[in-house]
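Asks: Got a structure for you, written out below as structure tokens; questions coming shortly.
The values are calculated or read from the model by the stated rules, or taken from the named source; none is laboratory data. Keep in mind that what you see is a predicted model, and the values were worked out from it rather than measured. When we count neighbours, we look across all protein chains shown, and the Cβ atoms used for this are built from the backbone with ideal geometry, even at glycine. The accessibility values were calculated without ligands, DNA or RNA, using every heavy atom of the protein model including side chains. Shrake-Rupley method; radii C 1.70, N 1.55, O 1.52, S 1.80 Å.
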Amino acid sequence: MNVHKGLSPLHRRTTIYELRQKMRHHHPDLLFLQELQQEHRGRIRRYGQWPLTEMTHFLSENFWQDWHYGKNAEYADGHHGNAILSKQPLFKGQNYDISAYRFEKRGLLHSVMQLEGLSASVHCFCVHLALFERGRERQLEEIIHYIDTLAADRPVIVAGDFNDWRNRMSVPMQQAGFAEVFEILTGAPAKTFPSVKPILPMDRIYVRGLRVRSASILHEWLKLSDHLGITAQLELI
């Protein structure tokens, strides 16, 4: 989910406490988050209930065992980026700079989740792509190169905000061996933006080496971000 820096769609109120509660209600093993406001001193001054700790610590405390954060944009009051939260141990890779333009910083965050009691591991990539199509095309080439280099033939999840409202990403992802969870089940990616009346399929979960058992759109989260969250149940093949 793109969490919109923990603010409601029109920036009128903080939603981070509600997000944490609803995220925990679903008991996900993995969370892929974009626009996570890891630190912002101005928000602490403006909102009386803004968390005083780093956002990954606030979200994961006493629930998710491990987390990995990748800073994408830094400014005077703080920084934001992508994050992966996990109930299983994570081997933390790097946050690769895949920015296509100087005015928007984007990253590809890589972690490897080790499944308890099994030798199997799953490579996890959390991504937030550019606003313009030409930039996204360049970024996708980089992403596929990183995946082929880092994950080889291991199971892989690539999830995030693709900003791909015309669905140009699916063909090259399919050529790289990936399938999108909603395309498998319904024939098209989920419409997730804007959250109050979703008409654009911006958010995706692509998998390779995993079977999709179910997927759903979290419509009840419509006031918590400008994007709706999506969720999928997966199993190793």
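Asks: Mind checking which of His11, His40, His110 has the largest fluctuation in a GNM of the chain, springs on alpha carbons under 10 Å?
Replies: Sorting by GNM fluctuation, first place goes to His11.
Asks: For Trp221, what accessible surface area do you get with a 1.4 Å probe? Give it in Å², rounded to 10.
Replies: 10 Å²
Asks: Now for a different question. Run the numbers for Trp165 and Arg213: contour at 0.36 nm per residue of separation, minus the present Cα-Cα distance, in nm.
Replies: Taking Trp165 through Arg213 to full extension adds about 14.8 nm, to one decimal.
Asks: Considering only C-alpha atoms, what is the centroid distance from segment 1-56 to segment 62-80, in Å?
Replies: When both Cα centres are located, 11 Å separates them.
Asks: How much accessible area per residue does the chain have, in Å², with a 1.4 Å probe?
Replies: Ligands and nucleic acids excluded, the result is 48 Å² per residue.
Asks: Right, another one. List the GluC sites (Glu not before Pro) within segment 71-141 that DSSP assigns to loop and that have no more than 10 neighbouring Cβ atoms inside 10 Å.
Replies: Glu116
Asks: From the phi angles alone, apply the Karplus equation (6.51, -1.76, 1.60; θ = phi - 60°) to segment 68-79 and give each ³J(HN,Hα) in whole Hz, x where the residue is Gly or Pro.
Replies: Taking θ as phi minus 60°, the curve returns 9, 10, x, 6, 10, 10, 10, 8, 4, 8, x, 6 Hz for segment 68-79.
Asks: Another question about this same structure. Along the Cα→Cβ direction, 7 angstrom out, place labels at Tyr75 and Glu18. What is the inter-label distance in nm?
Replies: Spacing of the two 7 Å Cα→Cβ label points: 2.3 nm.
Asks: Skipping prolines and chain starts, which residues have an amide H placed within reach, meaning under 5 Å, of the one on Gly93, given they are 5 or more residues away or on another chain?
Replies: His110, Ser111, Val112
Asks: Give the calculated FRET efficiency between His26 and Leu131 to the nearest 0.05, with a Förster radius of 30 Å applied to their Cβ-Cβ distance.
Replies: Step by step, r from the Cβ atoms, then E = 0.55.
Asks: Okay, next question. With a 10 Å cut-off between alpha carbons and a GNM built on the chain, which of Phe178, Phe91, Phe132 moves the most?
Replies: Phe132
Asks: Here's something else I'd like to know. Dipole size in debye (nearest 20) for the chain around its Cα centre, Lys and Arg Cβ +1, Asp and Glu Cβ -1?
Replies: 700 debye
Asks: Considering amide H positions built from the backbone, and no H for Pro or chain starts, which residues 5 or more places from Gly107, or on another chain, come under 5 Å of its amide H?
Replies: Ile98, His128
Asks: Using a simple charge model, +1 on the beta-carbon of Lys and Arg, -1 on the beta-carbon of Asp and Glu, nothing else, what dipole does segment 56-161 show about its Cα centre, in debye to the nearest 20?
Replies: In total the dipole reaches around 80 debye.
Asks: Next question. Could you sort Lys71, Lys87 by accessible area so the largest value comes first, with the probe set to 1.4 Å?
Replies: Descending accessible area places them as Lys71, Lys87.
Asks: Is it possible to state the helix-based mean residue ellipticity at 222 nm for the chain, with each DSSP H run of 4+ residues giving -39500 (n - 2.57), the sum divided by total residues, to the nearest 500 deg cm²/dmol? What is it?
Replies: Only helices count here, giving -6500 deg cm²/dmol.
Asks: Roughly what would the spin-label model give for Lys223 and Phe58, points 7 Å off Cα along C-beta, in nm?
Replies: 2.0 nm
Asks: Could you check how much of the accessible area of the chain is carbon and sulfur, as a whole percent, using a 1.4 Å probe?
Replies: Carbon-and-sulfur percentage of accessible area, whole number: 50.
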